[in-house]
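Working notes, structure below.
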Amino acid sequence: MAGNTAAFMDRCEEAFNAASRMQNPLVVHHYDCDGITSGSIVASWFEKNSKPYRLLTVRKVDSELIEKVKKEKQLIFVDLGSGSPAMDELKGEVVIIDHHQPQCKSHLQANPHLFGFDGGSELSAAGCAYFVFRTSVDLGIVGAVGDIQYPLRSLNKTMLDDAVAQTEVEVTTDILLFGRNSRPLLQLLSFADDPYLPGLTAHEDACISFMGELGIELKNENKWRTYRDLSQAEKRKLVSALAELLALRISPEAVHKLTGEVYTLLKRQPGTELCDASEFSTLLNACGRNDKPEVGVDVCLSRPGSYEKAHALLAEHRKNLREGIAFAMKNSQDLGKFLLIDGRGVIPDSIIGVVAGMLFPGQRNKPVLALSLEASGKIKLSTRGTRKLVEAGLNLSKILSEVCPIVGGVGGGHNIAAGASIPADRLDEFLKEFAKRV
């Protein structure tokens, strides 16, 4: 069923009117890329209009958060809130700008799900925030890409058309490897993790040999070449060779992750991660998942010195990702109805969901359930499906929202990707209930 665009836009206008009347609201946003960009869009509007506000970054809505903010008179929740029944306990003025499957029954919500759109694939929270505040459209694109919603379609495509019309974004088809604008070719290949390049990722010597066999020089005089420095013929040769490698070593389907639409941000700093939506999104994830979301917000708002701080966090983030993916590739278990990655004590809870989404790209015919440990001692669960599984009826958010209360946990999200937190001693019970519903 097609969504009702007009009704959704009316709700966004209603949310804007309520939010713009607030005096010094507390803006609560999630810590990942989509949360940072959507929170920054709200902050950007308040700053442009010289209105005071406060920001609070969180990982989830739980009883502790509700207790912390319940005395606030004006609250704006961004990239969280809809999926949390506990939100109904808040009595103040609340506006929710979110794209998760709704469980909260009260408060004004701008959420695509309420109007027949899929928040897991058709609009992220950053896109929703853009349609509410109509500012910083390039951050809306970054949020959508960071939430793995590309190629952009439906409401995301409407936002993209706005971005192109405003000369904020340029759309082309090209290689999707991280660093095509900013990394030397050797690092482009040896640091690759999405897609993972078997035999090349983490093997510099193999990358040097690989490029040598293709006849592509890594340096121009004394300067390291980047992908954007290559001629069109060299680009075609490199992409063709990488596609052949992926088809042979992983699967023919994995090749689809090699090239696609890329979004160049025309008003951001050229020659850096900030001018590419995918690379910008990874930079922001590095901030959030290394407990420095405020640095990500500063980058979004172009504050001096913030890019340098974020760039320093990026190297550690991508190192953790490469190690996490390598572990998952070797230690995944097929439990019949789903694949299990037990990353407890190995993969940080901040990146377990990213690792789960990268496992066997294009090859999975069953969902992935990945485990990690939270600082509290609870188990964090991250689940990832595929578009094909969702079309066949999989709804991971629904499954987790049903199973988690049985074992004393909380969970939810999207049909294609959802997360949860459960007590460590209830894992076996959870796995049995999860398997029944999958």
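Computed from the coordinates by the stated procedures, all read-outs in this text should not be read as laboratory data. Values in this document were obtained by computation on a predicted structure and should not be read as measured data. With ideal geometry, Cβ positions are generated from the backbone for all residues, glycine too; neighbour counts draw on all protein chains shown.
Numerical summary
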| read-out | value |
| --- | --- |
| Separation in nanometres of the label points that stand 7 Å from Cα toward Cβ, at GLU261 and ALA247 | 2.5 |
| Three-way shape label, the chain, alpha-carbon gyration tensor, a/c 1.5 | oblate |
| Peptide ranges 183-193, 245-255 listed from the most packed, as the mean C-beta count within 10 angstrom indicates | 183-193, 245-255 |
| Estimated inter-spin distance, ALA7 and ARG387, nm [label 7 Å along Cα→Cβ] | 2.6 |
| Rg over Rh [alpha-carbon atoms, Kirkwood Rh] for the stretch 174-322 | 0.98 |
| Dipole in debye (nearest 20) - the chain, about Cα centre, beta carbon charges: Lys, Arg +1; Asp, Glu -1 | 280 |
| Convex hull of Cα atoms in the stretch 82-234, direction-averaged projection (nm²) | 12.6 |
| Sum of side-chain charges, GLU213 neighbourhood, beta-carbon under 14 Å (Lys, Arg +1; Asp, Glu -1) | -3 |
| Total formal charge among the other residues, if their Cβ is under 11 angstrom from that of GLY3, Lys/Arg +1 and Asp/Glu -1 | -2 |
| Integer Hz, Karplus 6.51/-1.76/1.60 couplings in order for the stretch 97-102, x for Gly and Pro | 10, 8, 9, 8, 4, x |
| Trypsin sites (Lys or Arg not before Pro) restricted to the stretch 109-213 and DSSP loop, no more than 16 other C-beta within 10 Å | ARG134, ARG153 |
| Residue (of SER376, ALA312, VAL354) at the positive-pole extreme of the chain, dipole from beta-carbon charges | SER376 |
| Protection proxy ranking of 223-232, 336-345, 81-90 - average other beta-carbon atoms within 10 Å, highest first | 81-90, 336-345, 223-232 |
| Structure-based [θ]222 nm, the chain - -39500 (n - 2.57) summed over DSSP H runs of at least 4, per residue, nearest 500 | -12500 deg cm²/dmol |
| Where labels lie 7 Å past Cα in the beta-carbon direction, separation of LEU186 and LYS309 in nm | 3.2 |
| Mean Cβ neighbour count within 10 Å, used as a protection proxy, ranking 137-145, 365-373, 351-359 highest first | 137-145, 351-359, 365-373 |
| Overall form of the stretch 5-169 per C-alpha gyration tensor (a/c, 1.5; a/b vs b/c) | prolate |
| Viscosity 1.567 mPa s, 4 °C: Kirkwood-radius Stokes-Einstein D of the stretch 332-437 over Cα pairs, µm²/s | 97 |
| Interchain or long-range residues, amide H under 5 Å from VAL262's placed H | THR172, THR173, ASP174 |
